1. May I ask you to give the solvent-accessible area per residue for the chain, in square angstrom, as obtained with a 1.4 angstrom probe?
2. In percent, how large is the relative contact order of the chain, given Cα pairs closer than 8 Å and 6 or more residues apart?
3. Please report, as a whole percent, how much of the solvent-accessible surface of the chain comes from carbon and sulfur atoms (probe radius 1.4 Å).
4. Using a Debye calculation, one point per C-alpha and no hydration shell, please list log10 I(q)/I(0) for region 68-120 at q = 0.18, 0.30 Å⁻¹ in order.
Amino acid sequence: MNTGEESPRVHRNATTDPTPREAAAGRVATGLLAAQAVALAGIAVFYLYELVIGKSTDPMIVIMSVATMVVFVLGLAYTSKGLAQRHPRAQAPAIAANFLLVPLGIAMFRFAPDVFAGAVLVTGVVTIAAVLLMGRLGDD
């Protein structure tokens, strides 16, 4: 039944369509979250590979780590999809997940190459900024 209302799958800003800046920020945030999901999936596959070839010291730790990563991969992917659709409830988990990357990136400077630590830190900060620059997504 078509009542002339907007589809619930596509959410718009509370008052208007997104400005070009908000739309660009949304594309950046969506892309960064999707890239984080892919990177985390790759790490999970690497953990499983090490388990299969016998390089891991404790299989239970590896399995629980991979299970946790899979939960985060699904959450990041779903949040990325929500940001792409400008869903009003996608901003909070995107910001929360990337706030976790900030202290991780800072701590990584002590044990990882600077380029990796910097990439994690910059990705977290840029994603948070992009999500905030999307503007407030209303519940029309």
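The values are calculated or read from the model by the stated rules, or taken from the named source; none is laboratory data. This one's a predicted model, so the numbers in the text were calculated from it and none came from an experiment. Only protein heavy atoms, including side chains, enter the accessible area calculation; ligands, DNA and RNA are left aside. Shrake-Rupley method; radii C 1.70, N 1.55, O 1.52, S 1.80 Å.
1. 64 Å²
2. Numbers: 161 pairs, mean separation 54.0, N = 140.
Value for the chain: 39 percent.
3. Working: 6220 of 8990 Å².
Percent of accessible area from carbon and sulfur atoms in the chain: 69.
4. -0.67, -1.03
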